[in-house]
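*Asks:* Before anything else, here's the structure in question.
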Amino acid sequence: MKYAKKHLLAADPGVRGGSFQMMGADAPDLYLDFPVGTELIDNVTNGRIELLKDGQVSLLCVGGNGGYGNEHYKTATNRTPRRFDKGTPGQKRQFKVMMRLIADVGFIGLPNAGKSSLLNELTAASAKVAPYPFTTLEPNLGALGKVILADIPGLIEGASNGRGLGTKFLKHVEKVSILLHCIPSDMPASEIAKTYKAVRAELGAFNQELLKKREIILLTKSDLVRPQDRPRKVEALKKINPEVYSVSIYDLDALNMLKKTIAQLEAEK
Ligand SMILES: Nc1nc2c(ncn2[C@@H]2O[C@H](COP(=O)(O)OP(=O)(O)O)[C@@H](O)[C@H]2O)c(=O)[nH]1
Ligand SMILES: [Mg+2]
């Protein structure tokens with residue numbers, strides 16, 4: 001996103017050749033950073049470059065050379081040539097930059113459900129967390145061992161019709177193999193199943209296939225609910241989907257259990 005407003009990105013030009021037998025220096029290379037999963041599509045040739053691995057380096061444009069200095073133009077008859085070259089310009093290309101999220105597990109749920117907080121606790125990610133909706137404006141990624149987790153922001157009622165952040169992020173859900181559906185447990189018990197169904201309805205309205213993905217329900221922020229009130233909320237959801245866990249970012253045991261579950265799910269794949 002840091003290049004979002006930039007249309008032209010260029011390395012410094014090569015330095016012109018000098019007059020005292022000096023060759024012009026080649027300019028230093030320009031490196032651009034993109035997240036794993038980015039695809040660059042050449043506007044002219046439609047050639048594609050996919051960045052699939054962390055640390056992958058791809059050459060986009062061949063740079064120009066530094067110019068020859070006067071030494072290069074020395075001949076038998078002209079021992080002190082005045083001629084030197086400017087550096088030659090480098091290659092120019094135009095790309096369309098597409099972000100494609102490559103994640104195994106995706107957090108879904110209404111804004112404020114605690115998705116970013118869990119991503120941060122389970123991985124070393126530093127997704128923004130705040131007590132208001134839509135803090136997360138881009139999908140965030142984090143790694144738990146070899147498993148890549150994605151925080152898929154802003155799924156709200158009407159998202160599939162373009163409300164809120166709309167379907168901008170729903171397409172990322174198509175790529176993940178496991179959904180972690182977050183619902184805050186401090187909602188009234190009567191609202192919990194309704195909220196769950198509203199999010200499922202949005203997923204289905206966008207793409208029915210999403211409903212076939214393996215889903216684990218996380219009743220988040222369990223620390224905000226009295227222990228004696230937790231089982232009732234868990235049970236209400238277990239009737240719909242038996243895989244329900246009560247979690248909190250302040251409950252290390254629950255977080256460890258969740259880490260193990262995710263690692264196992266990936267191993268089973
Ligand atoms: N008490 C408590 N608060 C939490 C927990 N997880 C998240 N929160 C708070 O809930 C709010 C929304 O969290 P966030 O992770 O941004 O939700 P997101 O919109 O689903 O990504 C923030 O104020 C968090 O600090 C939790 O386990 N316990
Ligand atoms: Mg968030």
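*Asks:* Given (1) modelled with pLDDT of 95 or more; (2) more than 21 Å from Thr261 (Cβ to Cβ), identify the lone condition not met by Leu219.
*Replies:* Of (1) modelled with pLDDT of 95 or more; (2) more than 21 Å from Thr261 (Cβ to Cβ), only one is false for Leu219: (2).
*Asks:* Out of curiosity, is Lys259 without any contact (Cβ under 8 Å) to a residue 60 or more places away in the chain and not aliphatic (A, V, I, L, M)?
*Replies:* Taking the combined requirement at face value, the residue does not satisfy it.
*Asks:* Can I ask one more? Test each condition in (1) modelled with pLDDT of 85 or more; (2) in contact with a Leu (Cβ under 6 Å, 6 or more places away or on another chain) for Val173 and report the one that comes out false.
*Replies:* Exception for Val173: condition (1).
*Asks:* Sort out which residues of region 69-92 are in a loop (DSSP other than H, G, I, E, B) and either over 22 Å from Ala10 (Cα atoms) or in contact with a strand residue (DSSP E or B) (Cβ under 6 Å, 6 or more places away or on another chain) (or both), and write them in order of number.
*Replies:* Listed by number, the residues that qualify are Gly69, Lys74, Thr75, Ala76, Thr77, Asn78, Arg79, Thr80, Pro81, Arg82, Arg83, Phe84.
*Asks:* Okay, moving on. Restricted to region 105-119, and to residues that are under 16 Å from the mean Cα position of the chain (by Cα) and in a strand (DSSP E or B), which residue is surrounded by the most Cβ atoms within 10 Å (Cβ to Cβ)?
*Replies:* Among them, the one singled out is Phe107.
*Asks:* Determine which member of the set Asn46, Asn65, Asn78 is modelled with pLDDT of 80 or more and either in contact with a Gly (Cβ under 8 Å, 6 or more places away or on another chain) or loosely packed, with under 10 Cβ neighbours inside 10 Å (or both).
*Replies:* When all the criteria are applied, what remains is Asn46.
*Asks:* Does Leu265 satisfy the criteria of being surrounded by 19 or more Cβ atoms within 10 Å (Cβ to Cβ), of a type in the set (A, V, I, L, M, F, W, C) and part of a helix (DSSP H, G or I)?
*Replies:* The answer is no for Leu265.
*Asks:* Based on this model, can you work out whether Ala159 counts as closer than 15 Å to Ile108 by Cα and modelled with pLDDT under 95?
*Replies:* The answer is yes for Ala159.
*Asks:* Does Leu219 count as crowded, with 19+ Cβ neighbours inside 10 Å and part of a strand (DSSP E or B)?
*Replies:* yes
*Asks:* Right, something else. Quick one: Leu255 ticks every box in (1) surrounded by 13 or more Cβ atoms within 10 Å (Cβ to Cβ); (2) part of a loop (DSSP other than H, G, I, E, B) except a single one, so which number is it?
*Replies:* All conditions pass for Leu255, except number (2).
The values are calculated or read from the model by the stated rules, or taken from the named source; none is laboratory data. A quick note: this is a predicted structure, and the numbers were derived from the prediction, not measured. Every residue, glycine as well, gets a Cβ built from its backbone with ideal geometry; the counts of neighbours run over all protein chains shown.
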